[in-house]
Amino acid sequence: MTKTTQPPELACPISPVVDIVFSRWTTPILWTLNEYGRQRFVELAGRVTTITPKVLTQRMRQLERDGLVVRTYHAEVPPRVEYEISELGRSLGPLFASLSEWSVNLPKVEAARAAYDTR
C-alpha cells in the first residue's frame with residue numbers, strides 16, 4: 001500500500017461515494033423508487049413521509065444531477081412529472097445488500113453505546 005501526503009478525507013477513495021450515496025434522504029428515496037417503481041412526486045412524498053416537500057424537491061434535483069434518478073416530464077394538461085431510479089442508481093444494489101447484511105450487527109452497536117454511556 002502506498003502512503004500519501006493527502007489528508008485522509010481527500011485520500012480516502014470512498015469518501016466521494018459516501019457523500020453522494022449516504023446524504024440524508026438519498027437511501028430512503030432510492031429504496032422507495034426501487035421498491036415501487038416509477039412515481040409521481042406526490043406518490044414519492046406519500047411514501048417517504050417524514051421529508052418536507054422542499055427538501056424532497058432539493059434531493060430529487062441532486063439525485064437527478066448525480067445520475068441516480070431519471071426525471072420524465074410529460075407535456076400534457078396538466079403537466080405530469082415522474083421519477084424513477086436509473087441504471088446507475090440500481091447499480092448501488094449490491095452495496096445496499098451488503099449494508100443490509102451488516103445490519104445484523106446493530107444490536108452489538110447498541111450494546112457498545114449502552115456500555116459507553118454507562119461509563
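The values are calculated or read from the model by the stated rules, or taken from the named source; none is laboratory data. In this text the structure is predicted, and so the values were computed from the model without any measurement. Glycine gets a Cβ as well: all are built from the backbone with ideal geometry, and neighbour counts include every protein chain shown. Accessible surface areas use protein heavy atoms only, side chains included; no ligands, DNA or RNA. Shrake-Rupley method; radii C 1.70, N 1.55, O 1.52, S 1.80 Å.
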Determine, yes or no, whether Val48 is without any contact (Cβ under 8 Å) to a residue 24 or more places away in the chain, among the β-branched types (Val, Ile, Thr) and open to solvent by 70 Å² or more (accessible area, probe 1.4 Å).
no
Per the filter on segment 6-41, residues surrounded by 10 or more Cβ atoms within 10 Å (Cβ to Cβ) and β-branched (Val, Ile, Thr) are Val17, Val18, Ile20, Val21, Thr26, Thr27, Ile29, Thr32
Return the residues of segment 80-96 that are open to solvent by 70 Å² or more (accessible area, probe 1.4 Å) and either in contact with a Phe, Trp or Tyr (Cβ under 7 Å, 6 or more places away or on another chain) or touching a residue at least 40 places away in the same chain (Cβ under 8 Å) (or both); say none if nothing qualifies.
Arg90
Do the conditions hold for Gln58, that is, is it surrounded by 15 or more Cβ atoms within 10 Å (Cβ to Cβ) and either in contact with a strand residue (DSSP E or B) (Cβ under 6 Å, 6 or more places away or on another chain) or of a type outside the set (Val, Ile, Thr) (or both)?
no
Within segment 17-49, restricting attention to residues that are of a type in the set (S, T, N, Q) and part of a helix (DSSP H, G or I), which residue is nearest to Ile85 (Cα to Cα)?
Asn34
